[in-house]
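Colleague: Structure incoming, see below.
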Amino acid sequence: MMTQAPETPQALYRALPSMDSLLAEPSFVVLQQSYGKVAVKAALDSQLKAARSLIGSERRLPTWCGELAQLHGCLVDQLSKDYSHSLIPVWNLTGTILHTNLGRAQQSEAAIRAVTSVMRYPTPLEFELAAGERGHRDNAISALIQRLTGAEACCVVNNNAAAVLLMLSAVAAGKEVIVSRGELVEIGGAFRIPDIMRQAGCTLVEVGSTNRTHLKDYEQAITENTAAIMKVHTSNYHISGFTAAVEEARLGQLCRERGISLISDLGSGSLTDLRRFGLKQEPTPQAMLADGVDLVSFSGDKLLGGPQSGLIVGKQSLIKQLQSHPLKRALRCDKLILAALEATLIHYLNPETLDTELPIMAKFARSQETLWQIGRRLQHALAAHFEPCYRIELVECQTQVGSGSQPDTFLPSVALCFTALDGGSLSLLEQQFKQAARPIIGRMSNDQLRLDLRGLDSEAELLAELSTLGMQL
Ligand SMILES: *Cc1c(COP(=O)(O)O)cnc(C)c1O
């Protein structure tokens, strides 16, 4: 056989080490001990494939061929990436407390403990310990909700969108539902009232106009095919000027007279008075029920401050219908959510503790003066770390509630604000903030990177994180 020149592809392919020889390399054996043979083999396989395609396209060996330490480095990068988690803690300093993209409400310590313990041990999710018989997974929440809102019963599902879908499907499939034109909202993420109606098999009957709907509009639209009137809380936008809407109490009366149901999608649905924070009072589920609404739905992870969930409260007979609907089985919550929700609702039994126990309330409750003090300490401690490339200032800013709640209400706040000087780059800084051990998410505004301090969890930890970053610049 003729000897081939070393640069022929065949010779190059033969020069690649074999999988077995690589797996036997001492440094790679150590990797297998940490990451397992399967993962290391897969990482090596992708490196060898890349090497073969490099030979095919460029007729050369990868540089690691002469130096296995380099291949080891690539493998460590790859494997640590494979094993890294994506749902890690970040700092939400965006100025939006209930940030949907950042997971909405942070949970109370009691909720965290409750979740951890039901993850670790079996729990009587559908079992009545006292009676020793089968129970229902929504019972504990239902009992709490009864105490807190006076509702006859409650049904818990995955989120408020699911709650609306279930209410409509169980109460009005194949029938007509009357909604005011001013309330045909889109919540975001493809949740539009007309679409959800179609999905539930209901016929939407629009009444009134965008800005004005009257009682007689509803009255005239009722036919023998009407199952319900639905009210939608237009939480994420505000129409002002020449407007009219019909109050729930009057609609409740009309519905009772005509033998149809009144249902309400409240959206946020706070159970506490938010005016103490300088926010607007949201319509509460208890007020809706008192006004004669038959079913009210709201989110668990908006202003309630709990886990992602949807609660439907109201008449026992209707809740029974929801509980036995096949969709409920598909939309029911698991034990982790129910444990967190139960712990969250228990805080509401003692409303004076809400502002300390529920992280979202603690954030709403902070005074601007406290935020100035925190800001001054951070600015003072950090300035030297970021000089001379960046200047740190404190500016007044405004925090939003988020999740479509109260879009025109703002809480006065303070932002730690970075400006790039000679040798600094704001986009680079933003990138570095996002790559921190606990990524820092702020907001770019007018050539400044702003960190709204109302969203801060721990001053000491943020200081440590920013000091480390500053020293690496
Ligand atoms: C937020 C909202 C929804 C959707 O609730 P999710 O819990 O996000 O599914 C539906 N209706 C209204 C009025 C809302 O504000």
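Colleague: What number goes with the only condition from (1) open to solvent by less than 60 Å² (accessible area, probe 1.4 Å); (2) at pLDDT 95 or above that residue 185 does not pass?
Modeller: (2)
Colleague: Mind counting the residues in region 288-321 that are in a helix (DSSP H, G or I) and away from the ligand (no atom under 16 Å from the Cβ)? Lay out the reasoning, then the answer.
Modeller: Residues of region 288-321 that are in a helix (DSSP H, G or I), as a first pass: 288-290, 316-321.
Narrowing the set further to residues that are away from the ligand (no atom under 16 Å from the Cβ) leaves 289-290, 316-321.
Total satisfying the criteria: 8.
Colleague: Identify all residues within region 442-473 that are part of a loop (DSSP other than H, G, I, E, B) and either acidic (Asp, Glu) or in contact (Cβ under 8 Å) with a residue 60 or more places away in the chain (or both); write none if there are none. Reasoning before the result, please.
Modeller: If we filter region 442-473 for residues that are part of a loop (DSSP other than H, G, I, E, B), which is where we start, we get 442, 446-447, 456-458, 473.
Listed by number, the residues that qualify are 442, 447, 456, 457, 473.
Colleague: Answer yes or no: is there a residue in region 225-245 that is modelled with pLDDT of 95 or more, in a helix (DSSP H, G or I) and within 14 Å of the ligand (Cβ to nearest atom).
Modeller: no
Colleague: Return the residues of region 35-66 that are in a helix (DSSP H, G or I), in contact (Cβ under 8 Å) with a residue 40 or more places away in the chain and either under 14 Å from residue 15 (Cα atoms) or open to solvent by 80 Å² or more (accessible area, probe 1.4 Å) (or both); say none if nothing qualifies.
Modeller: 55, 56, 65
Colleague: Here is a further query. Condition test on residue 339, is it more than 14 Å from the ligand (Cβ to nearest atom), part of a helix (DSSP H, G or I) and more than 26 Å from residue 407 (Cβ to Cβ)? Write out each step before concluding.
Modeller: Values: more than 14 Å from the ligand (Cβ to nearest atom): yes; part of a helix (DSSP H, G or I): yes; more than 26 Å from residue 407 (Cβ to Cβ): yes.
In short, yes.
Colleague: Next question, about the same structure. Using the structure shown, decide if residue 321 is in contact with a helix residue (DSSP H, G or I) (Cβ under 6 Å, 6 or more places away or on another chain), open to solvent by 50 Å² or more (accessible area, probe 1.4 Å), of a type outside the set (D, E, K, R) and modelled with pLDDT of 95 or more.
Modeller: Numbers: in contact with a helix residue (DSSP H, G or I) (Cβ under 6 Å, 6 or more places away or on another chain): yes; open to solvent by 50 Å² or more (accessible area, probe 1.4 Å): yes; of a type outside the set (D, E, K, R): yes; modelled with pLDDT of 95 or more: yes.
Considered against the rule, which asks whether it is in contact with a helix residue (DSSP H, G or I) (Cβ under 6 Å, 6 or more places away or on another chain), open to solvent by 50 Å² or more (accessible area, probe 1.4 Å), of a type outside the set (D, E, K, R) and modelled with pLDDT of 95 or more, residue 321 comes out as yes.
Colleague: Tell me which residues, restricted to region 266-287, are assigned to a loop (DSSP other than H, G, I, E, B) and of a type in the set (Gly, Ala, Ser). Spell out how you get there, then give the answer.
Modeller: At the first step, the residues of region 266-287 found to be assigned to a loop (DSSP other than H, G, I, E, B) are 268-273, 278-284.
Those that are assigned to a loop (DSSP other than H, G, I, E, B) and of a type in the set (Gly, Ala, Ser): 268, 269, 270, 278.
Colleague: Ok, one more. From 153, 172, which residue is surrounded by 16 or more Cβ atoms within 10 Å (Cβ to Cβ), closer than 28 Å to residue 342 by Cα, more than 12 Å from the ligand (Cβ to nearest atom) and of a type outside the set (Phe, Trp, Tyr)? Before the answer, list the steps.
Modeller: Numbers: 172 fails: closer than 28 Å to residue 342 by Cα.
Answer to the selection: 153.
Colleague: Of the residues 267, 300, 278, 310, which is open to solvent by 10 Å² or more (accessible area, probe 1.4 Å) and among the small types (Gly, Ala, Ser)?
Modeller: Working: 267 fails: open to solvent by 10 Å² or more (accessible area, probe 1.4 Å); 300 fails: open to solvent by 10 Å² or more (accessible area, probe 1.4 Å); 310 fails: open to solvent by 10 Å² or more (accessible area, probe 1.4 Å).
Exactly one residue qualifies, and that residue is 278.
Colleague: A further question on this structure: State the number of residues belonging to region 94-131 that are out of contact with any strand residue (DSSP E or B) (no Cβ under 7 Å at 6 or more places or on another chain) and either hydrophobic (A, V, I, L, M, F, W, C) or in a loop (DSSP other than H, G, I, E, B) (or both).
Modeller: Of the residues in that region, 19 qualify.
Colleague: What are the pairs, 6+ residues apart or on separate chains, where a residue within region 251-269 that is farther than 18 Å from residue 204 by Cβ and away from the ligand (no atom under 16 Å from the Cβ) has its Cβ under 7 Å from a residue that is open to solvent by 20 Å² or more (accessible area, probe 1.4 Å) and of a type outside the set (Val, Ile, Thr)?
Modeller: 252/291; 254/215; 254/219
Colleague: For region 230-247, which residues satisfy the criterion of being closer than 24 Å to residue 173 by Cβ and over 30 Å from the mean Cα position of the chain (by Cα)? Explain how you work it out, then say what you get.
Modeller: Within region 230-247, the first condition is being closer than 24 Å to residue 173 by Cβ, and the residues that meet it are 230-233.
Within region 230-247, no residue meets the criteria.
The values are calculated or read from the model by the stated rules, or taken from the named source; none is laboratory data. Please read all numbers here as calculations on a predicted model, not as lab measurements. Here Cβ is always computed from backbone atoms with ideal geometry, including for glycine, and neighbour counts include all displayed protein chains. Calculation scope for accessible area: heavy atoms of the full protein, side chains included, ligands and nucleic acids excluded. Shrake-Rupley method; radii C 1.70, N 1.55, O 1.52, S 1.80 Å.
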